[in-house]
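Asker: Sharing a structure, written as structure tokens. Questions coming.
The values are calculated or read from the model by the stated rules, or taken from the named source; none is laboratory data. The shown structure was predicted, so the numbers you read here are calculated from the model rather than taken from an experiment. Neighbour counts are summed over all protein chains in view; Cβ atoms, including those assigned to glycine, are modelled from backbone coordinates with ideal geometry. What goes into the accessible areas is simple: the full protein's heavy atoms, side chains included, and nothing from ligands, DNA or RNA. Shrake-Rupley method; radii C 1.70, N 1.55, O 1.52, S 1.80 Å.
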Amino acid sequence: MITYRNDLWFNINKRRGLINITEAVQQAVRESGVKEGLVLVNAMHITASVFINDDESGLHPDYDVGLEKLAPERPYSLHKHNGYEDNADANLKRTVMGREVMCAITDGKLDFGPREQIFYYELDGKREKRALIKIIGE
Amino acid sequence: MITYRNDLWFNINKRRGLINITEAVQQAVRESGVKEGLVLVNAMHITASVFINDDESGLHPDYDVGLEKLAPERPYSLHKHNGYEDNADANLKRTVMGREVMCAITDGKLDFGPREQIFYYELDGKREKRALIKIIGE
Amino acid sequence: MITYRNDLWFNINKRRGLINITEAVQQAVRESGVKEGLVLVNAMHITASVFINDDESGLHPDYDVGLEKLAPERPYSLHKHNGYEDNADANLKRTVMGREVMCAITDGKLDFGPREQIFYYELDGKREKRALIKIIGE
């Protein structure tokens, strides 16, 4: 069995933002030497998400609008979590979007459908944060 | 280590629909010969979901009603994604429902609780689409 | 390859409640002897969730408030699932929160970010229920 791990670091200069990390994950799969297996990609922070969807520019503001309806950033006093912090909305938004993805590796590559792309979704940025890539297989 | 992959194909004649794929996944587990391991089942399209819940007929319209409140299909102009397409709601609904499930395999079978059933949830149908089954174990 | 399974049992004396199970999962990782691998933790019931977020007391009622807006418990007649049951809201809430988490094991420990904690979220309690821990690795 082969196992592999790597961190992807981010520092986004605004509260929310999306980064396509598909190629970085594909690169990790190549580096691992795994031909058949599974790759886990998860946010290491509880105010960020890793998820899979289309890389289509109109869709990105659609997420923001939908998530603001579910878990508005303001007023901060809306959320009990916001005693000393102002990021309760980020914890709730990330719960809806999901923490992690699991992807199949087949023949040394991500075994993906035609439009699948992996994103890191920063929901409380302006600081260094990271995602974990863990691969097992052979 | 044993690895196994298979595609499940669907062609649902309406926009939205649910298919119970538990037996198809169980069949893949049997074919794989894996006695102890993990199985990933994921939608290969970004407008469909694979998730686990009860196979109870009242629950299915409850999903539809809940998801329509969160991410309505119409008016199509509500979503920026709908420039050349009309399926932004499907991308958003699938994000809430989830892309994939991971299940344990124990003693050659899905290691499931009493009511767990795996579903493929088509959210933008009327065409051929598929889900991936990937198994690793021994 | 090493594989390991264990059940965690719960019996919460109210409809909804959160239990931090991080140490129990860490204990299972130690017992398994796996140094590098993956651990799956999933609810075995379709009215409960396993998810990862901060262990911060203000956040817990924030989940309850947010989920009640999405899928209210009452009136029970709101949901078609509630023919003979009253827990449709629990099925819907769990779908939003998620059934399972996958975590990396590195150097014999959960490979976690600084605030990550694993929770069992009971959404229809007052009875015995359980979560599954399944580990594969070496």
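Asker: Enter the buried accessible area of the A/B pair, total of both sides, probe 1.4 Å, in Å² rounded to the nearest 100. Display every interim value, and only then the final one.
Answerer: On the way: alone 7680 and 7650 Å², together 12860 Å².
Buried surface at the A/B interface: approximately 2500 Å².
Asker: Between the label point of A:Pro75 and that of the same position in each other copy, find the distances and list them shortest first in nm, with every label point placed 7 Å from Cα along the Cα-to-C-beta direction.
Answerer: 3.1, 3.1
Asker: Over all residues in A:104-110, what is the mean tally of Cβ atoms on other chains that come within 10 Å of each residue's Cβ? Don't skip to the end; give the middle numbers.
Answerer: Details: counts 12, 4, 4, 1, 0, 0, 0.
For this peptide, the per-residue mean of nearby foreign Cβ atoms is 3.
Asker: Picking from A:Val41, A:Val25, A:Val65, which is most flexible by a Gaussian network model of chain A using Cα springs under 10 Å?
Answerer: Result: A:Val65 has the largest fluctuation of those listed.
Asker: Something else: Counting Lys and Arg as +1 and Asp and Glu as -1, each charge on the Cβ, what is the dipole of chain A about the Cα centre in debye, to the nearest 20? Each step should come with its number before you reach the end.
Answerer: On the way: 19 positive and 22 negative charges, 93 e Å.
Result for chain A is approximately 440 debye, rounded to the nearest 20.
Asker: Follow-up question, since we're still on this one. What are the label-to-label distances in nm, one decimal and shortest first, from B:Ile19 to the same spot in the other copies, with labels 7 Å along Cα to Cβ?
Answerer: From this label point to the equivalent ones elsewhere in the assembly: 3.7, 3.7 nm.
Asker: Cα-Cα over 30 Å: which of B:Lys14/C:Lys80; A:Lys35/B:Lys129; B:Lys134/C:Lys129; A:Lys14/B:Lys134?
Answerer: Details: B:Lys14/C:Lys80 21 Å; A:Lys35/B:Lys129 25 Å; B:Lys134/C:Lys129 28 Å; A:Lys14/B:Lys134 37 Å.
Check vs 30 Å cut-off fails for A:Lys14/B:Lys134.
Asker: Go through the range A:67-80 residue by residue and turn each phi into a ³J(HN,Hα) via Karplus (6.51, -1.76, 1.60, θ = phi - 60°); whole Hz please, and just put x for glycine and proline.
Answerer: Residue by residue, the range A:67-80 yields 6, 5, 5, 6, 9, x, 5, 10, x, 4, 5, 4, 10, 5 Hz.
Asker: Amide H of B:Ile2 versus every other amide H placed in the peptide plane: which residues, excluding those fewer than 5 positions away on the same chain, fall under 5 Å?
Answerer: Amide H neighbours of B:Ile2: B:Gly137, B:Glu138.
Asker: If you fit an axis through the alpha-carbon atoms of helix C:22-32 and take the longest principal axis of the Cα set of chain C, what angle between them do you get, 0 to 90°, nearest 10?
Answerer: The answer is roughly 40 degrees.
Asker: From the helices alone, meaning DSSP H stretches of at least four residues, give me the mean residue ellipticity at 222 nm for chain C, per-run term -39500 (n - 2.57), in deg cm²/dmol to the nearest 500.
Answerer: Details: 3 runs with 33 residues, N = 138.
-7000 deg cm²/dmol, from helical runs alone.
Asker: What is the distance in Å between the Cα centres of the range C:65-136 and the range C:6-29?
Answerer: For the range C:65-136 versus the range C:6-29, the Cα centre distance is 12 Å.
Asker: How much accessible area per residue does the protein assembly as shown have, counting only protein heavy atoms and a probe of 1.4 Å, in square angstrom?
Answerer: Working: 15720 Å² over 414 residues.
Computed with neighbouring chains in place, this is 38 Å² per residue.
Asker: Any chance you could check the range C:112-138 for residues losing 30 Å² or more of accessible area when the partner protein chains are in, compared with the chain on its own (1.4 Å probe)?
Answerer: C:Pro114, C:Arg115, C:Glu116, C:Lys134, C:Ile136, C:Glu138
Asker: What are the residues of the range B:24-40 that lose 30 Å² or more of accessible area, with a 1.4 Å probe, going from their chain alone to all protein chains?
Answerer: Correct list: B:Glu36, B:Leu38, B:Leu40.
Asker: Less than 12 Å Cβ to Cβ from B:Leu59, Lys/Arg counted +1 and Asp/Glu -1: what total charge do the surrounding residues give? Numbers along the way, then the final one.
Answerer: Numbers: positive: B:Arg115, C:Lys80, C:Arg94; negative: B:Asp54, B:Asp55, B:Glu56, B:Asp62, B:Asp64, C:Glu85, C:Asp89.
It works out to a net charge of -4.
Asker: Restricting to Cα pairs below 8 Å that are 6+ residues apart, what does the relative contact order work out to for the range A:2-137? Please round to a whole percent. Can you show the working numbers first?
Answerer: On the way: 277 pairs, mean separation 75.2, N = 136.
Computed value for the range A:2-137: 55 percent relative contact order.
Asker: Now a separate question. Please compute the net charge surrounding A:Ala131, taking Lys and Arg as +1 and Asp and Glu as -1 over other residues with Cβ under 11 Å from its Cβ. Walk me through the numbers before you get to the answer.
Answerer: Working: positive: A:Arg99, A:Lys129, A:Arg130, A:Lys134; negative: A:Asp7, A:Glu100, A:Glu122.
With Lys, Arg at +1 and Asp, Glu at -1, the net is +1.
Asker: Tell me, what % of the accessible area of the protein assembly as shown is carbon and sulfur with a 1.4 angstrom probe? Walk me through the numbers on the way to the answer.
Answerer: Working: 7520 of 15720 Å².
Using a 1.4 Å probe with all protein chains present, the protein assembly as shown comes out at 48 percent carbon and sulfur.
Asker: Related question: Which whole-Hz ³J(HN,Hα) couplings does the range C:87-93 yield from phi under the Karplus relation 6.51 cos²θ - 1.76 cosθ + 1.60, θ = phi - 60°, glycine and proline marked x?
Answerer: The phi angles translate into 10, 4, 4, 5, 4, 6, 4 Hz.
Asker: Taking chain C as a Gaussian network, Cα atoms linked when under 10 Å apart, which of C:Tyr84, C:Tyr76, C:Tyr121 shows the biggest mean-square fluctuation?
Answerer: C:Tyr84
Asker: Net charge near B:Ser32, counting Lys/Arg +1 and Asp/Glu -1 over other residues with Cβ under 11 Å of its Cβ? Working shown, then result.
Answerer: Numbers: positive: B:Arg5, B:Arg30, B:Lys35, B:Lys134; negative: B:Glu31, B:Glu138.
Net charge around B:Ser32: +2.
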